[in-house]
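This report concerns only the one structure given below.
Read-outs throughout are calculated quantities, based only on the coordinates presented, and are distinct from any laboratory measurement. Everything numeric here is computed off the predicted structure, so don't read it as measured data. Cβ sites come from the backbone with ideal geometry, for glycine too, and all protein chains shown count toward neighbours.
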Amino acid sequence: FRIAVLASGRGTNLRALIAAIAANRLDARIAGVFSDRSSAGALALAAAGGIPAKALSPRGFETRLAYDEALFSLIEGVQPDLIVCAGYMRLLSEHVVDARRGRMINIHPSLLPAFKGLHTHRQALDAGATVHGASVHFVTPELDGGPVISQATIPVLPGDDEEALAARVLTREHPLLVDTVGLICAGRVALSGRGQVMFDSAE
Ligand code: GRF
């Protein structure tokens, strides 16, 4: 089962996938890591793991769509069965998302549908949330709006600031992403034509 990972940042979620595969806890291989930023730590992690890693700068592309189509032609070049957005910080064009409905997931640091977008921990604190967490969802054209597959919850503790909350959520993201990718690799989760997440409980 071939996975392509899209990341813009330091890549701790990617690192969790790499570690799970190395520990035989995930029966898959990361066929490529792609980023919009050549400085992304995720690219260095990939390279260190002998995984093909490519950065494609949005500069020089006239439109978002032109960039996305160039990026996704690189991604399709490694023939992924699943595309994992793990800290990818650009909005994806509807066209490239629609063409991959059910084949692309994203991990988002909130309990969707709450707190879509950026600065989710700040949003949670401002809202006085007492629980918070992370969600893995199928990617649809609506930002952070796709059908949720799995979630992990954490308590918001008195005195929590954004940094403390982000750290507590991040530690739960890693096993959540690994477990969710594992279910998809095993064919236990799929997106129905009507946009429902279907779990196959058959052993
Ligand atoms: C994670 O919190 C993820 O949920 C969000 O951005 C962060 C990525 O972290 N999309 P990393 O690059 O995987 O460490």
Summed over the other residues with a beta carbon less than 14 angstrom from that of residue 198, with K and R at +1 and D and E at -1, the charge totals +2
With +1 on the Cβ of every Lys and Arg and -1 on the Cβ of every Asp and Glu, the dipole magnitude of the chain about its Cα centre, in debye rounded to the nearest 20, is 380
Here D for region 74-203, in µm²/s, from Stokes-Einstein with a Kirkwood Rh over Cα pairs at 10 °C and 1.306 mPa s, works out to 103
CD proxy, 222 nm, the chain: helix-only mean residue ellipticity via -39,500 (n - 2.57) per DSSP H run with n ≥ 4, per residue, nearest 500, stands at -10000 deg cm²/dmol
Label model pair residue 25, residue 66: point-to-point distance (7 angstrom along the Cα→beta-carbon line) in nm is 4.4
Subtracting the Cα-Cα distance of residue 188 and residue 171 from 0.36 nm times their residue separation yields 3.7 nm
For the chain, the helices passing both cut-offs (Cα extent along own axis of 30 Å or more, Kyte-Doolittle mean at least -0.5, full DSSP H runs) are 162-185
Residue 81 neighbourhood, Cβ < 9 Å, K/R = +1, D/E = -1, net charge +2
In Å³ per residue, the alpha-carbon convex hull of region 57-108 encloses 84
Once the dipole of the chain is set up from charges on Cβ (+1 Lys and Arg, -1 Asp and Glu), the residue from the list 115, 48, 199 lying farthest towards its positive end is 48
So the pair-distance distribution of region 1-129, from every Cα-Cα distance in 5 Å bins, comes to percents of 2, 10, 19, 22, 19, 14, 9, 4, 1
With +1 on the Cβ of every Lys and Arg and -1 on the Cβ of every Asp and Glu, the dipole magnitude of region 18-79 about its Cα centre, in debye rounded to the nearest 20, is 240
